[in-house]
């Protein structure tokens, strides 16, 4: 009973913030195969066979259906998701190898001819696709650019948080697969490494621009932690926590009202988002 009360309290707290997120497109949901929105977004989810039932299916049941196309990248094929067996071993140590294989698969399937933008997210990331689409409508997918929660490599070099989700333009995917992956001087050819950090290093070596995704008030849209972390003002900020030290731009506990993503989102919280964003009304 006590645990249920805790969940209810958290849900109400999160709900107040979610209610303030401005949806930039309230049109009816469409099947992902109906490519009638612009720009067209392909979403791929990094997962593992152990998470197909516990995490991946809840991503599919919630926000993922608002993408124009999607697939789960895994080590096991599952037509119900659907997921692709990339032939890469499971485990955190192999996420970089899986990410390389995922983008090669996307390129080989000629998806760059059908979609403008390519979003990578984790199986515990929640994305407000309408806000992402609205944000991307200001840019050209033919430019070599990418977006996300911008973190610092060194000086002016940067990478994007994998958990918050990152977006590559069509042109960036082309250059990554054709120019970066075959060249060990540009990309780490080994299987090991943090996928987001390694990708950021590759794209930086290619001179691909990592653009600012904050809003007009300099508030963040892509968030590397869950919504509670980013909105909870009841506890003092621990300025020794790693994120404050490597974020390219200052982060405070005040997300943008056009937020795009949150990481570490449980299946339960995904359904909270769905309710508060798409069903809840104030009269």
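The values are calculated or read from the model by the stated rules, or taken from the named source; none is laboratory data. For clarity, every value in this text was computed on a predicted model and none was experimentally measured. Neighbour counts run over all protein chains shown; Cβ positions are idealised from the backbone, glycine included.
Some observations on this one:
- On inspection, residue 178 does not qualify as in a loop (DSSP other than H, G, I, E, B), at pLDDT 95 or above and over 19 Å from residue 45 (Cβ atoms).
- Residue tally, condition part of a helix (DSSP H, G or I), closer than 27 Å to residue 201 by Cβ and touching a helix residue (DSSP H, G or I) at 6+ places or on another chain (Cβ under 7 Å), over segment 60-97: 2
- Flag for residue 281 being assigned to a loop (DSSP other than H, G, I, E, B), at negative phi and without any contact (Cβ under 8 Å) to a residue 12 or more places away in the chain: yes
- Within segment 191-205, considering residues that are surrounded by fewer than 18 Cβ atoms within 10 Å (Cβ to Cβ) and either out of contact with any helix residue (DSSP H, G or I) (no Cβ under 8 Å at 6 or more places or on another chain) or modelled with pLDDT of 95 or more (or both), the one farthest from residue 142 (Cα to Cα): 197
- Checked against the criteria, residue 263 does not count as in contact with a helix residue (DSSP H, G or I) (Cβ under 7 Å, 6 or more places away or on another chain), closer than 23 Å to residue 157 by Cβ, modelled with pLDDT of 90 or more and surrounded by 12 or more Cβ atoms within 10 Å (Cβ to Cβ).
- Complete set of residues in segment 35-59 that are farther than 15 Å from residue 123 by Cα, in contact with a strand residue (DSSP E or B) (Cβ under 8 Å, 6 or more places away or on another chain) and part of a loop (DSSP other than H, G, I, E, B): 35, 39, 40
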